[in-house]
Amino acid sequence: LERAMGVAQHHDAVSGTERQHVAYDYAKRLSRGINGCMDVVNKALSNIFQNQINTEYCPLLNISQCALTEQNGKFYMLAYNPLPRQISTYI
């Protein structure tokens with residue numbers, strides 16, 4: 001995870017000045033970091049809900065596309081606020 005954060009904050013990654021093969025490497029490393037985080041969250045939720053929950057992620061939310069919500073009439077959604085303060089926003 002720490003490596004993925006370093007990649008995401010590198011000046012070439014932020015500005016987009018890296019070469020294409022480096023951009024592919026950045027994307028691969030970030031993807032591995034995201035998947036690792038998902039594993040940790042899944043384990044935590046499994047412990048909290050005593051294995052009575054199936055977790056799915058919608059990675060294309062920036063384009064409002066999620067097969068789970070489009071194909072099911074009923075589902076539960078968990079929203080996480082990473083900020084150190086309470087906020088009010090639309091989901």
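Below are the figures for this structure:
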| quantity | calculated |
| --- | --- |
| Helices (runs of 4 or more DSSP H) within the range 1-53 that include 2 or more residues at pLDDT 85 or above, open to solvent by 100 Å² or more (accessible area, probe 1.4 Å) and touching a helix residue (DSSP H, G or I) at 6+ places or on another chain (Cβ under 6 Å) | none |
| Hits in the range 34-78 (condition: among the acidic types (Asp, Glu) and more than 13 Å from the chain's Cα centre (by Cα)) | Glu70 |
| Search result, residues across the range 56-91 that are among the β-branched types (Val, Ile, Thr) and either open to solvent by 90 Å² or more (accessible area, probe 1.4 Å) or in contact with a Leu (Cβ under 6 Å, 6 or more places away or on another chain) (or both) | Ile63, Thr89, Ile91 |
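The values are calculated or read from the model by the stated rules, or taken from the named source; none is laboratory data. All of these numbers come straight from a predicted model, not from anything done at the bench. Please note: Cβ atoms are built from the backbone with ideal geometry, for glycine as well, and neighbour counts cover all protein chains shown. With ligands, DNA and RNA removed, areas are computed over all heavy atoms of the protein, side chains included. Shrake-Rupley method; radii C 1.70, N 1.55, O 1.52, S 1.80 Å.
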